[in-house]
Each structure stands twice: as C-alpha cells, then as structure tokens.
1. Within the stretch C:241-263, is there a residue that is in contact with a Gly (Cβ under 8 Å, 6 or more places away or on another chain), in a loop (DSSP other than H, G, I, E, B), hydroxyl-bearing (Ser, Thr, Tyr) and touching a residue at least 24 places away in the same chain (Cβ under 8 Å)?
2. Tell me, which residue of the stretch B:79-94 that is in a helix (DSSP H, G or I) and within 10 Å of chain A (Cβ to nearest Cβ) is surrounded by the most Cβ atoms within 10 Å (Cβ to Cβ)?
3. Tally up the residues in the stretch B:217-236 that are within 37 Å of the chain's Cα centre (by Cα) and more than 9 Å from every other protein chain (Cβ to nearest Cβ), please.
4. Can you name every residue in the stretch B:321-358 that is over 29 Å from the mean Cα position of the chain (by Cα), touching a residue at least 24 places away in the same chain (Cβ under 8 Å) and over 26 Å from residue B:217 (Cα atoms)?
5. If we keep just the residues of the stretch A:94-111 that are under 18 Å from residue A:168 (Cβ atoms) and in contact with a helix residue (DSSP H, G or I) (Cβ under 9 Å, 6 or more places away or on another chain), which is surrounded by the fewest Cβ atoms within 10 Å (Cβ to Cβ)?
6. So, in the stretch A:412-423, how many residues would count as being surrounded by fewer than 19 Cβ atoms within 10 Å (Cβ to Cβ) and touching a helix residue (DSSP H, G or I) at 6+ places or on another chain (Cβ under 6 Å)?
7. I'd like the residue in the stretch B:57-78 that is more than 13 Å from chain A (Cβ to nearest Cβ) and polar (S, T, N, Q) and, out of all such residues, is farthest from residue A:110 (Cα to Cα).
8. So which pairs qualify, if the first residue must be in the stretch A:352-366 and in a loop (DSSP other than H, G, I, E, B), the second must be among the acidic types (Asp, Glu) and surrounded by 13 or more Cβ atoms within 10 Å (Cβ to Cβ), the Cβ gap must be under 9 Å, and the two must be at least 6 apart or on different chains?
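The values are calculated or read from the model by the stated rules, or taken from the named source; none is laboratory data. Just so we're clear, the structure is a prediction, and the values are computed from it rather than from any experiment. Cβ coordinates were reconstructed from backbone atoms using ideal geometry, including for glycine residues, and neighbour counts include every protein chain displayed.
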Amino acid sequence: MKRRKFDVAAVPAKTAGAVDDRFQVATPLRKLLNKVFPDHWSFLLGEIALFSFVVLLLTGVFLTFFFEPAMTEVVYNGSYAPLRGTPMSAAYASSLDISFDVRGGLIMRQMHHWSALLFMASIVVHMLRVFFTGAFRKPRETNWIIGSLLFWVGFLAGFTGYSLPDDGLSGTGLRIASAIMLSIPVIGSWLTSSIFGGEFPGTIIISRFYIAHVLLIPGLLLALIGVHLGLVFKQKHTQWPGPGRTNENVVGERMFPRYALKQGGFFMVVFGVIALMGGLFQINPIWYFGPYEAWVVSAASQPDWYVMFLDGSTRLMPAWEVHIPIGDGYVIPPLFWPTVVLPGILVGISLAYPFLEARHLKDRKHHNLLQRPRDVPARTAAGAMALAFFVVLTLSGANDVIADKFQISLNAMTWAGRIGLLIAPPVAYYVTYRLCLGLQQHDREVLAHGVETGIIRRLPDGRFVEVHQPLASGDGHAELDYVGWVVPKKMNRLGALGPAIRGFFYPIEKPAEAPVSPGHPPVEPRTEREEIGSGEGRR
Amino acid sequence: MSTHTEHQAPQGRQPLDVLDPRVSRFDIVQEGARRDDIEIVHYEPQVVPGSKAERRMTRTVASFFLLTGLAATAFLIIYIWWPWQWHPGRGGDKYYTPLLGLTLGVALLGIGFGILTWGKKLLPKEVSIQGRHDGPGTAEDRKITGETMLYLAEEMGVRRRPLLGVSLVAGLLPVGAVAAAPLVGGLIKQPHENNQMFTTGFAPADGHKVRLVREDGRPIRPADISAGGQLTVFPGISHGVSNRHADSPTLLIHLRESDAVASREANARVGHEDYMWGNYAAFSKICTHAGCPASLYEQQTNRLLCPCHQSQFLITDNARPVFGPASRRLPQLPIEVDEEGFFVAKSDYTETVGPDFWERP
Amino acid sequence: MTSDNDRRRGLLARLRGRPAARSRGRRRLGAALRLIAALTLAGGAYTVFAPGVQAQENPPLTSAAAEGKALFDVSCVTCHGRNAQGVEGRGPSLIGVGAASVDFQVSTGRMPMARQEAQAMRKPPVFTADQVDQLAQYIQELGGGPEVPEGDLRRGADLATGGELFRINCSQCHAFGGGGGALSSGKFAPSLRPASDRQIYAAMLSGPQNMPVFGDNQITPEQKADIIAYIQETLKHDQDQGGFNLGRYGPSTEGLAIFLVGLVALVFASLWIAGKS
C-alpha cells in the first residue's frame, strides 16, 4: 500500500479551505483585512483606554485568586510586622497578603491600580479629542453617548475597586459615599441602609462591592466597549481634512499588513508602561493606612484623581442647608448639591451636547471629516470652559495638599477655588475664543501672502521687507481658499530649504510632496500607480 | 526601486482573473482591495532589499526582540531567586517589586517597539482610499423593511383583536414586577430599625450610664488628660470600640481655664448648660457634613478641622461650624464623673450624630 | 515604753517605718541630724519645684541652669521677659512649660523666632545641644513642668501598638505617612521626617503651638516609645516596598504621575507611531 505523501507546505491552505467550507469566511475576512484606517496620533488615545482595560482584566483576574471579600474580623498574622496582631477585616488582611505574602502580588496590585488610573485618564483625553475635533457629530452621536457612559461606569468601577481593600483611606471614602447617598432627599436613608444592609458600615458592603466590581461593572464595561468599537468599525473612523480626503472616503492604511502590526506593538507599549509604573512607582500603600476604623483618618484624605473633582466641589460648596419646615422639619444638606446634583447636570449636558449643537446650528448633515479646533471657536471655547471648570474642581480636591506643600493658607485655597470656579471658565472661554480667531487669521494670512522665509530684503528706497514664499503657483499673490486643512507655516515644510533638523515628532517632508502636516499622508491622487518593488514581488 | 504601472481607472475596468497563475500576489491583493472599493494609491517600499538601511533596521528590530528575551529571563530569575519577603529596614526585598516592574516593562516595551519598528520602518508605506458608503439605504429598501415589519403587526392583528393586546400587557406587567421583586425586596432595608439613626452607643442601657473608655477599653479619669489635650473616647459597652458603633467615637477635650469659661457661656446659649464637666467637653468625632472623623484639634485656636472637606468647628462656641461646607454644629455629649471617678455620659447625644439626611428633625 | 515610743514616733520614725532599737541618746542625735537633712532636702525641693513665687527672688540655680539663664537673658528675654514671665503681645510666659517644651522648640530651631508669624517654622537650630540642655535646665528650675526622660526613648517598643496609636492620635494631622498636613488659616502640622526621638517625645509632652498635649497620663511613656518606634522605624527607616513613593501624598500625586508620566509617555509613543518618518 502506498503511503500518501504528507505535504507540510499545503497544510495552511488545506485548513483554510476546510474552515471556509464550513463557515464561509473568505469574503468577510477579506473585507476585514482590507478595511482602511486613517492614521493620526490623536486616534490612538482611545486605544490607550482599550489596552489598559485589557491589562485591568488580566491583573484583576490574578487578584481575585487571593482576595477575600469579607468583613469578618480576623487578627493579622502575616509577614508585615508593624500590623501583626491588629484586628482587621478579612478583606484588608487578604489585601495585605497580596502585597506581602503572595510572590509578585504587590506588582500585580500596583499594575491593576495604575492601569485603572490610566484607563480613566485616557478616556478623558480621548473624549477631549473627540469633542474638540467635532468627531461626535452626526452620525456618531450614539458613540459619544456610549463614551460618556463609559467614563461614569469606569468611575464606578474605580470607586468600588479602591474601596475593596477596606483600608483606612478607602473606608473614609466609603463613609463619604454613604453620606452622599444619605443626603438625597426623601429616599436617602432608605437607599443607604438598603445598600449597606443597615447602618454604616455594616458587614456586607465589601462583598456587594466585590461582585459589582468583578462581575456587574466589568460586564457592563465590556458590553459598552464592544458596542463602541463595533460602531467605530461600522461607521468607519473620521479623518482629518486634507488633499484627496472627502466626506465620502477614508484615506489611510489597510488593516493588513501595517496597521494591525502597529496596533499590536502599541498594545505592548501600553502594557509595558503600566508594568514600569506598577513596579517603579508605589501606589495606594494600604499598609500605612491601617484597617478602616470609623475614628481613624489621615490628613490629606483624597479619592483617586477621577473622583477628585467631586471632592473638590464638595469642599468649595458653601454651608447652605435647605430647611423645609413641614411637620418635624426636613433637611436637604449642603452635601447634596455638589455630589448628586452637579454630576447629574454634568451627565445630562455631556449626553445632550451633540444634539444641542446640531439643533443650534440646524445641522443635519453627515460629518466624516474632523474640524480643526480653531475653525469652531464657539465649541472650542466652550470645551475650554468645561475643562477649566473641571481643573479648578480637581485642584480643589487636593487643596489641602497644595496648601500644605506650598505654604498657602487652607482657607485661602478654599476661597481661591470658590472664586476661581466662577471666574476661570469665562476667562478660559474668552481667551480660547480669541486664540482660535487669531490662529485662523494667521492661516488666512499665510494662504494669502505665503510663508515667511526669514529672508530680509532691502528695497531700493531703503525699506526692509521680508520675502514671503507664496503657496499658490502662479505669479505672486494668488489667494488660496481656507478649507480647514493644516497650513504650512515654515519653509522646511515646503521643502524649499530642505530638512533643517531630522524630525521625530514633526518628520520632514520630502521636497516633492504636497505640503501637509505630520500624520496626514500626502494623498494627491496620482496618475501612476506603484506596486511592490522588491525582487520577490512577482512570483 | 518601486515600479510603476499604468493606472487603471476603477470604473469600467476588467476584473482581474485571480486564478491565472501568471498574476502576481500583489495584483491579487490589489484586486481584492478593489472589490472592497479600496484603491491603493501609493505603495512604496521604505528600504531597498539588501541595502545598508535594511540591514540596519533588521538589526534594530532583532535587538529589540533580543532585549525582550533578556529582560524576560531576568524577570524570571528575579522572580524566583531574589529575596522577596518583607523585612524591616532597607533590605534587598525592597527592590523586588521595582525590579520585577523594570524587567517586565522592558520586556513588553521590547516586543512593542520591535513590532512597531518592523511595521513602521520595514513594511512599505501605503496610502489607500476606501469609499465610505454611509448614506442611508435606498428608498426602496427602506420601504421594503418598513412594510415587512408592519406586516408582522398586521398579521398578529392586535388592532382587530384588542383583547389580546390588553391581556398581554396585563400579563407582562406582573411578570416584570416578579423579576424586580426579589432584588428590590431582598435589598431594601428599613433605616429606622431600633431608631438606629438617632441613637449611639452612649444611650444608657437599663438605667446605667455608659462610661467613656479609651480604644483599649480602659475607663478615663479626669486626670488622664492634660489641659490642652484631647482623647478619642468610645462608649464602654460591648463592641463599643468597633465599626459596629461607627457613630459613637467622641472627642473628649480638656480645655484651658479661659477657654472653658468661654465654652460654658456658649453652651448656655444653646441650652447645653450642664453638658461639660469642669473644663472637659465632649463632642462627636463624626463630622456632621460627610461623616469623616473631624479630629484635627488645634489646641490654641480651639478649632476642630475635618480633613476630608475642611469644615472647621469652633469648640469654644459649642462646635459651631465657622468655615467650610458643614452646616451643623458637632453634637455635644453631656458628661459627668461617676462615684468611682470615671467619666460617664449623662445621656445619649441630644442631637443626631453624623451626616445630615432628609428626615433629621 | 510603748506609749513613750508612740509619743516620739514623729515624722522621722515614720519614715524609718520601724521602731528604733538603739540607745536613746544615739537615737536623738540621729533624729536631729536626719531632721536637719530632711529640712534641707525639703527646702531644696521646694525651691526647685515651687512655681513662680520663688522665681521672683534669686533662686539658687545649678550651674547648668545659670548658664542657661545667661543664654536666656541674651536671646529670649525680649519676647519672654525677665525671668520668663512673658511679655504681653510678644511672647508667652514660660513658667511651668517645662524642659520638654524648651527641648522641642529650641532644638528644632523654632525658637528663637525670627518674627511673629502664623506658626513657628523649623530652622537650623541656633543653639548647640549643650546650650539647649542649659536653657531647658533653667526653665525647668524656674517653673517646673514636663521633662523628657534620659536614655533610649524607644526601648522595648512594639511597632503594631505604635501604629495603632499613631493612627488614632497622630495621623489626622501628620498624615498616614508622617508627611504633615494643613490646618486652618495657614497653620500646619509639620512633617515628622526631620524629627528626632527626643523631639517627638518632647512635642507629645508639651503640645507645642496648636498640637494637643499628650501627657504621660494620657499616653504612657511605654506607649510613647511605641509611637516613636513606629514613626522612626516604619515610617522613616523602612523603605517603601512598592518603589518610589511619590512623596506619600496619596492619590493627588498618583493622579499627577499618571498624567505626567504614563499618559505623556504614551502620547509620545503614539506621536512616533503615527508619525511618518
């Protein structure tokens, strides 16, 4: 009997054929591999959030193997001597064990915490990018809403997560959270006692937070992220305006071969940065905080940075208590406004913004081209105003640390925050608006007169003028229309002077290519097409 | 080094016969792209095969990967053999986590930058243009889909058979409630059980006044606190020094003579004439704003600061909030000394302790 | 005999605690001598411990205290007045503050104060350790008050107890990491990092500035030793386990770090990835 020859080289093709026989994947897969993605550094900010979420899942799963979500009282007997013999909850004891008695546990805990901070930070920065470039406009309002929700769900994930170790600092935060829930009119006390299973702190809150933190919230996050990405995929990414780029096309790189490689590499870079931070920078050293005890607190008690703006608003709030003289009298405490009403308003505004703007501008068109922030001064200024508001609140959330380390009076810091909260946003609005107009103006000047060359010429009558290099061909000052593209402002961008310095962030264009900015590939449709030029290209 | 071919206009072109063995792989790729409405308008190798530049890039990428291998090996060695268990002082164990982070980070960055350099520097640059096709469906399609959905409603005939609709709603509503009931009903908890929001551990039990005790349970004599001193005290009951009585921690302050005089006058103004014992006053440690322990006692200014939101209370004015977001005085605990010479609470707090809520009278 | 004995059983007999068994004459002589000795001792003790009143006259100062007085009259008398009685509007009376207070204030350089401010700042001390001791001795002999004991101030200390006490009594102002914190209107609780055992002990005893007093009646010397050991060994000497501690300011510097280090690094990376060079 003749043995059939086994051809190794044919295995992939045969397997692929077998798969396609059954699942008919060839066509959809081709479409996927061919999908074109526009390339710009700012499009990678959302990826940071996605990748840090993956790291969160990986490290989080590790932590669940060792964490014990229980408030049973135990006496610590681990290797950290300064706490040995201290009564504490099982949750805190197991968090200490992760830090001191699980080999490599501390770096996992720290990576988990740093990636949480990075997740939230990149969400915010990504959101700012989307806002300032107008990427939220029709047809992408849904994704804007999902993104905003992702911030708040991430906020909850972070809060439930850092409450889990049940240490002195997080317990203080939990105490404040319970006070916030208590402050809600009518239902406050019912809500609090339902969530805590009785009076604060009760014995069940850690286990409830645990299941929320490891199952419910991550599930919600996964679902939201899935839809978010799916919509990006379906609706295709926005792109910057530029030569050859229209509202009806996407100019960029196909997913295969290059784009996917870059994404994979970037994931590793994000992972690596988190690992470096997790090892080199200590975060949340719970062993100094001690177990949570209702009578223990530390100076400079703050929440993580993404909660700090609410802490700041609480600190700045004047002591205005609303008293309702009906029956025995009812109270709306001052805590209610900055911690329940304010976030409510913020959520409302952020969710509604795309619709408000479209309504205001009577804009019903599809927008696949981004806008430069300077071209929409009103929106950019409004964004700067919101940012100023957020920054003042966040700084106020750390105002005791600032007061202490820079030797400013604490009371003065509070007043500075209160006044700053009223003054900084309008100032930010005005300054940003003027800045946008100024930048636009300069772009128009360059388009009209050309680029400053730095060459000073003396005219026969003794005057000195700077020579401008016109952008338009033809004689002298043929005016170009401003169309929202990047306008070259330096000679080396034009190629007239050759590369001044070898660019890293601003790579130098080759002289022959069209004037475009970094990250915007020159895409003048050419008359000829190029193909692979390597020797093995044709087989 | 790139070769150029005549550009064929996408419209009206002949589809390429991809099964033809003479067609190059790139042509097939390009044909595939065209079928997805993608035009590869620019495809240019970055390095000449066999050139110095290519060899240099190859070496760079390779060294990134080798760096990863090195760092990963170092990680494993450190993970296994480095002394990792906590010891007091400045031993080698303090470098365990940083070294793990460093080696892991370098290993991951090595892979990352290796792949990135490979993709960025060695693969050809390309510019492709894909059509978006994000306009609405054709009027015909919309019509067909809409009609299909309406057809379902029509076939079900709810309009003709209204009883079905009514009974469906009548049936579904309770089922929805059934889904929610165990969750809501299980979680919901009456907040005023045993009047817990208005009482603390200092409430006299069976007519016995509750002693003030320290964190280790010892009762307190007046001589235990110097003038200008303060002590955190707890109700001397079972589990009084625990989170089960999170509202009970109290600050017992021994005021200086002149401050005590001012304090007594202020107490009298709010009807707390006999709440102090001698120069000793006791105020709740739980802030009336958000429940943090307001315990930063400044013994010269007699202010009590809460570290969470910087509310400041003036002890000599019956703990009136003088700065920050708190709107209510810290409740005062009436105290006296029993026949054995230890501090006791005359009664429970006469105001509600802890953060404010709706039904606080 | 019994009654005679009882009659004569005066102060000294009681001090001796048992009936005398020697001859009457020797007993009388011994008694007289002891009486003189006891009176001298009592008088001496009175001059040492009696507050204020005696200070008006010229109390017999020990030589160290005399040196201290000389220093006092040169450096401190402007604000604290002659014989440390205090000057209205400038400086408080130091009668009764004790050596502990001098120890803390002078050895940390807070005194002499350069000018009146919200709170005296730690500075390089003006006086040497010996001079501090002399000043402390002077104030102690002048008005009495708490004193820091000599010897090892953290002998037999228990870190866990120290940590527990630190979190209850100290961390609200000096923070979990001992880095200090803000108080109202420009006042602050200083960082514990530069503090020596003796200074911490003295601060607890004397309650400098706005710090509450933690006398030996409230926190026993053994507990003080525990606290000092926790501060010095765990918070200061023990190195942070998880890498660079970012100043131990808590989430505020962690938030700063994620933006300034993490996010900046990744934005640079994405600039490079999407750049075209």
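1. Yes, the stretch C:241-263 contains at least one residue that is in contact with a Gly (Cβ under 8 Å, 6 or more places away or on another chain), in a loop (DSSP other than H, G, I, E, B), hydroxyl-bearing (Ser, Thr, Tyr) and touching a residue at least 24 places away in the same chain (Cβ under 8 Å).
2. Keep residues of the stretch B:79-94 that are in a helix (DSSP H, G or I), which gives B:79-81, B:92-94.
Next, from what is left, pick out any that are within 10 Å of chain A (Cβ to nearest Cβ): B:79-80, B:93.
Working: B:79: 17, B:80: 9, B:93: 19.
This residue is B:93.
3. Of the residues in that region, 4 qualify.
4. Residues satisfying the conditions are B:321, B:329.
5. Of the residues in the stretch A:94-111, the ones under 18 Å from residue A:168 (Cβ atoms) are A:94-100, A:109.
Filter once more, so that each one left must be in contact with a helix residue (DSSP H, G or I) (Cβ under 9 Å, 6 or more places away or on another chain): A:95-100, A:109.
Values: A:95: 26, A:96: 24, A:97: 18, A:98: 23, A:99: 26, A:100: 20, A:109: 26.
That would be A:97.
6. 2
7. B:58
8. Pairs found: A:363/A:357; A:366/B:134.
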